[in-house]
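Reading through the structure tokens given below for one structure.
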Amino acid sequence: MDEIDPQLLRVLRAVADGGSITRAAAALGSSQPAVSQLLARAEQRLGHTLVLRSGQDGRGGRGASLTDAGRVLADHALHVQAALSAAREDLDAVGGLSRGRVRLAGFPSASSTLVPAVLAAMASTAPGVTTSYVEVEPPEALELVRSGEVDVALTFTHVGDDTGTDPALWSRALGRDPLALVTARDATAPERRDAAVDLAAFRDARWIGGCPRCRGHLLASCAASGFTPDIVLETDNAAAVVGLVAAGLGVALLPRLALVTTVLPPQVRVAPADDELARRVEVVVARGADRVPSVWATLEAVRASAHLLDGPLPG
């Protein structure tokens, strides 16, 4: 069936109440010819006669009454108007952040650092907005944004990553997350905590790799230092990596965000890696989504939490 215009329902209700097209037009703030044309187009489109015109009705206008088809539609007018008013109120409520929903995605080491701060800020500044969270690696997070399954994504990139430019997405850099070499205390390591470690000094070590993206970055970083790391173990669980290092089973590169919430046993030491190896943390939304009030509020909460990227390495 052809689409029924809500304006048509209002016109039919006004005709039923006023008894003429002229009075219906006056009640709606329109002209009699405009209302007559709207009715004529609707009758032609729907294939039903909606209004019967008659002679003078004794009140200075040409009388009109609704057919059965017209009465069926007019009876829906009040319900439709109520629904439209409710929709307008809901929309205004969302605009005022008294209602709404935001779906957030983030990478594992953000889950225990940036994400709690963002969710706490949202609970404080926009308590009417329901915020959900899913933990995924950056490539999956970007796909979820593209598909509309999440609204805001926390991601990261490494120097040299060929991520390209996606016109469907908008991103903003939040800061740098430095990497550190995690070794056992008895392993060769620089004495000064403020000196960047030379990865080449560990060319003969056993290495522990992380997620596929982090593993690729490890391979590229070691290649730049002139060797290929012997990756014997792989896990994207930072606590597990630290445990493996503490047991003397290998060395690893871990980001600061992963280290600040991980208990470091005394037999483990942390040394800063070259600053060029740091990853860039970003927030990503669909282009234009920042105009949605709840998404904008989330972006503000993310920006307010970006200071967590600053600070010294633990250990």
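Coordinate-derived values only; no laboratory data. Remember, predicted model here, so these are calculated numbers, not experimental data. All Cβ positions, glycine included, derive from the backbone under ideal geometry; neighbour counts span all protein chains shown.
With R₀ fixed at 41 Å, the C-beta to C-beta distance from Ser31 to Ser98 puts the FRET efficiency at about 0.55. Angle of helix 212-224 to the longest C-alpha principal axis of the chain, folded into 0 to 90 degrees and rounded to 10: 40°. Considering only beta bridges that DSSP places wholly inside the chain, some 70 percent are antiparallel. With N counted as the residues of region 104-179, its alpha-carbon radius of gyration over 2.2 N^0.38 Å works out to 1.15. Within the chain, all pairs of alpha-carbon atoms sorted by distance into 20 Å bins from zero give the percentages 26, 32, 20, 15, 7, 0. Loop-located trypsin sites (Lys or Arg not before Pro) in region 248-292 (DSSP state other than H, G, I, E, B) with a sparse environment of at most 15 neighbouring Cβ atoms within 10 Å: Arg287. For region 200-315, the spread of Cα positions along the three principal axes, ordered from largest to smallest, is 53, 30, 23 Å. Look at the dipole of the chain built from charges on Cβ: of Phe227, Ser111, His79, the Cα furthest out on the positive end belongs to His79. Extending 7 Å from the Cα toward the beta-carbon at both Ala304 and Ala200 defines two label points whose distance is 4.8 nm.
Remark: spin-label model distance Ala69-Cys211 equals 5.9 nm, labels positioned 7 Å along the Cα→Cβ axis. Computing FRET efficiency as 1/(1 + (r/R0)^6) for Gln7 and Thr130, where r is the C-beta to C-beta distance and R0 is 25 Å, gives about 0.15.
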